[in-house]
Protein chains: 2
Amino acid sequence: MRLRQIEVFHAVYTYGSMTNAAAVLNVSQPSVSKVLAHAEQQLGYRLFDRVKGKLIPTPEAHQLFHHVENVYEDVDRLRHVAVNLKAASAGRIRVAGTPAFGLEVLPRAIATFRESHPDSVFEIETLHLDELYDALRESRIDIGIAFDPAEQQGIKRKNLARAQFYVLAHDSSGLDGKDSISLDDLRDRPFIGLNSRGPLGQALKDFIEAAHIEPQFVAWTETYHVAKALVASGAGITITDEITARSRFAGDLVMLPLQPAVEFDITLLQRADAPLSLAAKKFRTHLGKCVKAILAAD
Amino acid sequence: MRLRQIEVFHAVYTYGSMTNAAAVLNVSQPSVSKVLAHAEQQLGYRLFDRVKGKLIPTPEAHQLFHHVENVYEDVDRLRHVAVNLKAASAGRIRVAGTPAFGLEVLPRAIATFRESHPDSVFEIETLHLDELYDALRESRIDIGIAFDPAEQQGIKRKNLARAQFYVLAHDSSGLDGKDSISLDDLRDRPFIGLNSRGPLGQALKDFIEAAHIEPQFVAWTETYHVAKALVASGAGITITDEITARSRFAGDLVMLPLQPAVEFDITLLQRADAPLSLAAKKFRTHLGKCVKAILAAD
DNA sequence: GACACCCATAGCCCGAAGTTATAGGCGCAT
DNA sequence: ATGCGCCTATAACTTCGGGCTATGGGTGTC
């Protein structure tokens, strides 16, 4: 069975007819017809019964399809990797971060890095953590950065720094005299919730639940920066990671460390098997410094 | 990347040179050279550096290979399934059992089945349990039979009967007056051990250890029938499953149920996804009856 | 310098798979 | 019944991947 035959069989099986399959595969219908007929002839048995002009998968087809799906997925990933490797060998540095990093840390790090390395070329993405893992595995990116990422097969982690949660409030909240703030101080204030999928969202949720506090939610959002913008507009208060809290985007905001402190790691991610290019290594170091500088800022 | 290119890359990477790869693939060296060159040209980067006439995989190749291995395994299995399905559709009933069944139960069941179904065609194998699972998954066989098989993804089980361990001894052992026998009665008798991989071997080993008895081993073997033959030759005594104990092959043997009884299941195995042919279903029923008849025999 | 290996290229051939054009079966609606 | 929309199959032609043999040119070894 040739790979093409596998592809065609897969398409015909999933899309129900040769005509549909041909459309999906971007080839003519007779081509599909011929490839399939050829495959059947080589296999020595029919894959579909042609009854009243329709295709009915034979029992053999059902069984084959099960295995074909596996092959298909793998080949699909392989092809992605194959083309992604090309971009990598072209000397690009491909970086991605979860939204908190993608909107501020990465752009700043890249801009300053390019001052000393003007020839470097970047690709930047903001991805959620699970997408970030996929991108690394497919070699679509070289370096990732995220909060408290779980251990994953084939992914190497390196902790850059620890950070903590901050409370963000509008200037008019009357909180700006304080040094720090506890969850108790937040009762009865309109609160902007984070329904984040990542480990940080979970940690924050656990923390609030453990304190037996039910904030008075006025809005929900996915990303910390949106929450911050809502706070700046006077919609309420929120709790964000330190990176988002310290980002330059700002209105009239107060930012106070949450007490007791809830800490988490800021972690670099890369593939475990493939070494980084020289340029990527340099950038990795630079990015580490940037993150520390941001956290150390007054 | 075409499948052939993947195959060639895989072979060159694993066998270190195009010449070796060509030999393994049973094609000429120039053919390999061309396919590989073509693949590299399409990918847009080199897979091997040609340095001093030798091939050194590039970093890209190392990464690709990792994924290629997965594809390769899947395609390999797919191809097996594809050809195995052909034999299935030819109307054959393909059966396998662990050695205890393959040497006696299956042949007898097939012989009697063919008396009422003279047109049926069989393939019989004796396989160890793990091989039996593989054979089922690759559709190399339709039906399997084994003792106490563990639950497995994609494999449907059906218990036929329960059986127990029997002690086998030579007529001259002076044991033939008894009704049953305990492990204690076996102390100080030469014992033939089973280093079986299957669940039954493990169960027996656990049982003996739990009784804190250290038999005086005089021989080790893999299969119960060999142990039985050794007993018949006067080499010692052994413990076997009930099926082997009741098999017609015999010399001057005494066979006594072990007390306390250790029971286990006799189980039919088939794929969970694919329905059996009509003939195979009939045989499955017949096989169940045969097993019960053998166990019920006086 | 002869020899053993290794890879690449050239010229040739075949088969898989793409194209367009066309024919034909089935179901449904006018 | 006739036509229309859906489907698949066949024919004739083109393209290209991948196979072959023959051959030449490096590299390392005795």
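The C-alpha atoms of chain B define a longest principal axis, and helix B:59-89 lies at about 50 degrees to it. Reducing segment B:91-154 and segment B:1-21 to their Cα centroids gives an inter-centroid distance of 37 Å.
Close amide H contacts of A:Glu123 (hydrogens built in the peptide plane, cut-off under 5 Å, sequence separation of 5 or more or a different chain): A:Ile93, A:Arg94, A:Val95.
Quick one, can you get me the convex hull of the C-alpha atoms of chain B expressed as volume per residue in Å³? Provide the component values of the computation, followed by the final result.
Working: hull volume 57.0 nm³, N = 298.
Enclosed volume per residue, from the Cα hull, is 191 Å³.
Size descriptor for segment A:80-170, Kirkwood hydrodynamic radius: 14.4 Å (Cα pairs only, one decimal). Taking a Cβ cut-off of under 11 Å around B:Leu43, the surrounding Lys, Arg, Asp and Glu residues balance to a net charge of +1, with basic ones at +1 and acidic ones at -1. The tail of the calculated P(r) for segment B:32-96 beyond 15 Å holds 68 percent of all Cα-Cα pairs.
State the three equivalent ellipsoid semi-axes of the protein assembly as shown, derived from the C-alpha gyration tensor as the square roots of 5 times its eigenvalues, in descending order and whole Å.
Computed over the protein assembly as shown, the values are 61, 36, 26 Å.
Taking K and R as +1 and D and E as -1, what net charge do the other residues with C-beta under 13 Å from the C-beta of B:Lys205 add up to?
Cβ neighbours under 13 Å give a net charge of -2.
Using the rule -39500 (n - 2.57) for each DSSP H run of four or more residues, divided by the residues of chain B, the 222 nm mean residue ellipticity is -14000 deg cm²/dmol. Springs join every pair of Cα atoms under 10 Å in this Gaussian network model of chain B, and among B:Phe122, B:Phe283, B:Phe65 the largest mean-square fluctuation is at B:Phe65.
Look at the stretch A:285-291: the mean tally of other chain Cβ atoms within 10 Å of its residues' Cβ atoms is 0.
For peptide B:136-144, the mean count of partner chain Cβ atoms within 10 Å of a residue's Cβ comes to 1. For segment B:205-252 versus segment A:262-276, the inter-centroid distance based on Cα atoms is 57 Å.
The phi torsions of segment B:130-147, fed into the Karplus equation with coefficients 6.51, -1.76 and 1.60 and a -60° offset, translate into couplings of 5, 5, 5, 4, 4, 4, 5, 5, 8, 6, 7, 10, 9, 9, x, 9, 7, 8 Hz, rounded to whole numbers, with Gly and Pro shown as x. A simple rule links phi to the HN-Hα coupling: the Karplus curve 6.51 cos²θ - 1.76 cosθ + 1.60 with θ = phi - 60°, which for segment A:223-234 gives 10, 5, 5, 5, 4, 4, 5, 5, 4, 4, 7, x Hz, with x for Gly and Pro. Taking a straight line from the alpha carbon of B:Lys34, these aspartates and glutamates sit under 18 Å away, with near neighbours fewer than eight places off in the same chain left out: B:Glu7, B:Asp49. Once divided by 2.2 N^0.38 Å, the Cα radius of gyration of segment A:80-132 becomes 1.22. Peptides B:286-293, B:96-103, ordered by how many other C-beta atoms sit within 10 Å of their residues on average, highest first, read B:96-103, B:286-293. Taking amide hydrogens as placed 1.01 Å from N in the peptide plane, the amide H of B:Gln259 sits under 5 Å from those of B:Ile181, B:Ser182, B:Leu183, each at least 5 positions away in sequence or on another chain.
For a distance above 22 Å, tell me the whole-number percent of Cα pairs in segment B:1-150 that qualify.
56
Relative to the dominant Cα principal axis of chain A, helix A:29-43 is inclined by about 70°. Note on segment A:150-242: Cα convex hull, mean projected area over all directions, 7.0 nm². For segment A:200-263, the Kirkwood hydrodynamic radius from C-alpha pairs, put into Stokes-Einstein at 25 °C and a viscosity of 0.890 mPa s, yields a diffusion coefficient of 194 µm² per second.
Using the Cβ atoms and a cut-off under 15 Å, what net charge is assigned to the surroundings of B:Gly174, where Lys and Arg are +1 and Asp and Glu are -1? Around B:Gly174, the charge tally is -3. The mean number of partner chain beta-carbon atoms within 10 angstrom of a residue's beta-carbon across peptide A:82-93 is 4. With a threshold of 31 Å on the Cα-Cα distance, the over-threshold entries among A:Lys54/B:Lys289; A:Lys86/A:Lys158; B:Lys228/B:Lys292; B:Lys156/B:Lys205 are A:Lys54/B:Lys289.
Throughout, read-outs are computed from the coordinates displayed, never taken from laboratory work. Just so you know, these numbers come straight off a predicted model, no measurement behind them. Glycine also receives a Cβ, built like all others from the backbone with ideal geometry; neighbour counts cover every protein chain displayed.
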